[in-house]
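Everything on this sheet refers to the single structure shown next.
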Amino acid sequence: MTGPRSDIGRIAVVVKGYPRLSETFIAQEILALEERGLPLDIWSLRHPTERVVHPMHERIRARPTYLPEYLYQEPLRVLRGLLWSLRQPGFRRLIRIFLQDLKRDPTPNRGRRLGQACVMARELPAGVRHLHVHYLHTPASVVRYAAILRGLAWSFSAHAKDIWTTPDWEKREKIAEAAWGVTCTAAGHAHLAMLAPPADPARVALAYHGLDLSRFPSPPQRPARDGSDPADPVRIVSVGRAVAKKGFDDLLNALAALPEDLNWRFAHIGGGEMLGALKRQAEAAGVAGKVAFLGAKAQPEVIALMREADVFVLPAKRARSGDQDGLPNVVMEAASQELAIVASDFAGIPEFVRDGREGVLVSPGDWEALANALNLIAREPARRAALGRAAHARLREAFSIDAGLDLIEARLRHSLGQMPLADGYREPAEATAP
C-alpha cells in the first residue's frame with residue numbers, strides 16, 4: 001500500500017534509543033514507511049551508545065530529537081516543560097493518572113518518564129497529529145503522558161521484553177488508552193489481546209516484522225564441509241546481544257560438549273553485559289581457541305559472516321527476569337542467506353522455523369540437546385543445504401515485509417485522517433480526550 005506524502009500532519013515515532021544496532025526491525029520499518037510517503041519525526045529517550053550504524057540509518061531522512069535521558073542533565077529544559085504543562089487542559093488528568101501509576105510503581109524511573117513527557121509535549125511541532133511508540137513499557141509511559149497533555153491519539157508496537165516484563169495492570173491500561181497497537185509474534189498477540197477491552201478485539205493486531213529481501217544479496221554457494229578436515233572446520237555463527245535471554249551460556253556448554261573428532265569454529269557478533277562472563281566461560285571450558293567474540297557490527301558485516309558460515313544458532317530462553325525474545329530478525333537474516341538454522345523451540349522462533357522443515361529446534365536451556373543437534377547437522381552438508389533452501393522459501397513466501405507494513409501504514413494513515421479501515425477497527429473516543 002502506498003500513498004502521497006501527507007499535507008495534514010506528521011507522526012512522531014518514539015523509541016527507547018536511536019540508532020541501535022540490535023533494533024534493525026525498527027530502522028527497517030521507519031525507512032519503509034518513509035519510502036511509502038508517511039511524514040515521520042523520531043523522538044528518542046536515550047542517546048546512542050554505539051559508534052557504528054546500519055546503512056538503513058543513513059538512508060532515513062528523519063533526524064532524531066533526544067529527550068533528557070536523565071532529568072538533572074537538562075534542568076532548564078525540564079523546568080520549561082513542567083511550567084508549560086501546568087497550563088494545559090490535560091494536566092489535571094495527567095497528574096491523576098501519574099499518581100495512580102506511582103502508587104503501584106514507586107520508582108525514580110516513573111518520575112523520569114513524567115519529566116520526559118512534559119518536555120516532549122512542549123516541544124512537539126504543531127504539525128504532529130499522532131504519536132506512535134515502539135515498546136509498551138517505559139517509552140509508552142512517556143507517550144501516554146505526552147498524549148494527554150497535547151490531546152493527541154497514540155499507538156504502539158509491542159515487541160518482546162516490554163510484553164513479558166511489564167505488569168498486566170499497566171499493559172491493560174495502556175492498551176485501553178491507545179488508539180491501536182500491533183505486535184510481532186502470535187504468542188505476544190494472544191497475550192495482549194486478552195488484556196484489550198472486550199468490546200474492541202481489533203485494538204491489537206499481529207504484524208510480523210518480516211524482511212525486505214531487496215536489501216540482501218542472493219544466497220551464496222557453500223562448500224560441503226562436514227567437520228572432518230582440521231584445515232577447513234565447520235563454521236558456526238550467532239548474532240545477538242550478550243544477555244541472559246539469548247542463551248549463549250548454554251551454547252558455550254554445548255560447544256564444549258562436541259566430540260573431539262568434529263572440527264569447528266564459532267563466531268559471535270554482538271555487545272552486551274554478559275560478554276566478559278562468556279569469554280571467561282569459554283576459557284574455563286577449554287574452547288576459547290575455537291571461539292571468536294567479534295563485538296557489535298553493522299548489518300553488512302553480519303551478512304558477510306553469515307555468507308561464510310555453515311550453521312546459524314540461537315538458543316534463546318526465558319531469563320530469570322521474565323525477559324524473552326519475540327521472533328529475532330537475525331533468524332530471518334540467516335534464512336535470507338539459506339543458512340541452516342539451529343534454535344530454541346521457544347517464543348516466536350517456531351512461528352517461522354518449523355522443526356525438521358526450515359531448521360532444527362531444541363528445548364530452551366537444554367544444552368545437551370543443542371550439542372547433539374549441532375554435532376549432527378555439522379556432519380550433514382546436504383541436510384544443511386536443504387534446510388537453508390526451505391527457510392529461504394518460507395521467508396520469501398510468508399514473511400516478507402509487505403504484509404505487516406501494509407497493516408501499520410493503513411492504521412497510521414487512518415490516524416492522520418487520510419483513509420478509513422476495512423478491518424472493523426475504530427478509534428476510541430477516550431484516546432483523544434484531554
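The values are calculated or read from the model by the stated rules, or taken from the named source; none is laboratory data. As the structure is a prediction and not an experimental result, all values here were calculated from the model. Heads up, the Cβs are rebuilt from the backbone with ideal geometry, glycines too, and the neighbour counts pull from every protein chain shown.
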*Check Arg144, Arg51, Arg129, Arg113 and return the single one that is in contact with a Gly (Cβ under 7 Å, 6 or more places away or on another chain), basic (Lys, Arg) and either outside any loop (DSSP other than H, G, I, E, B) or within 26 Å of Ala160 (Cβ to Cβ) (or both).*
Arg129
*Scan the range 249-273 for residues that are in contact with a strand residue (DSSP E or B) (Cβ under 7 Å, 6 or more places away or on another chain) and part of a helix (DSSP H, G or I) and report the count.*
2
_What's the total number of residues in the range 364-378 that are of a type in the set (Gly, Ala, Ser) and in contact with a Phe, Trp or Tyr (Cβ under 8 Å, 6 or more places away or on another chain)?_
1
_Tell me the residue from Arg394, Arg384 that is modelled with pLDDT of 95 or more, closer than 24 Å to Pro217 by Cα and either small (Gly, Ala, Ser) or within 25 Å of the chain's Cα centre (by Cα) (or both), please._
Arg394
*Only one of (1) closer than 16 Å to Gly326 by Cα; (2) touching a helix residue (DSSP H, G or I) at 6+ places or on another chain (Cβ under 7 Å); (3) not charged (D, E, K, R) fails for Ala196. Which number is that?*
(1)
*Restricting the range 62-110 to residues that are of a type in the set (S, T, N, Q) and either assigned to a helix (DSSP H, G or I) or surrounded by 14 or more Cβ atoms within 10 Å (Cβ to Cβ) (or both), which is farthest from the chain's Cα centre (by Cα)?*
Gln88
_Exactly one of these conditions fails for Leu305: (1) touching a helix residue (DSSP H, G or I) at 6+ places or on another chain (Cβ under 8 Å); (2) buried (at least 18 other Cβ atoms within 10 Å of the Cβ); (3) under 21 Å from Ile377 (Cα atoms). Give me its number._
(1)
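This table checks each residue for (1) without any contact (Cβ under 8 Å) to a residue 40 or more places away in the chain; (2) in the same structural domain as Leu327 (by TED's automatic domain parsing); (3) over 28 Å from Ala382 (Cβ atoms); (4) crowded, with 22+ Cβ neighbours inside 10 Å.
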| site | (1), (2), (3), (4) |
| --- | --- |
| Asp249 | yes, yes, yes, no |
| Ala254 | no, yes, no, yes |
| Trp264 | no, yes, no, no |
| Gly271 | no, yes, yes, no |
_Selection from the range 165-184 of residues that are surrounded by 23 or more Cβ atoms within 10 Å (Cβ to Cβ) and within 18 Å of Arg318 (Cα to Cα)_ = Cys184
_In the range 41-61, residue nearest to Gly270 (Cα to Cα) [restricted to those that are without any contact (Cβ under 8 Å) to a residue 40 or more places away in the chain, surrounded by fewer than 18 Cβ atoms within 10 Å (Cβ to Cβ) and touching a helix residue (DSSP H, G or I) at 6+ places or on another chain (Cβ under 7 Å)]_ = Arg59
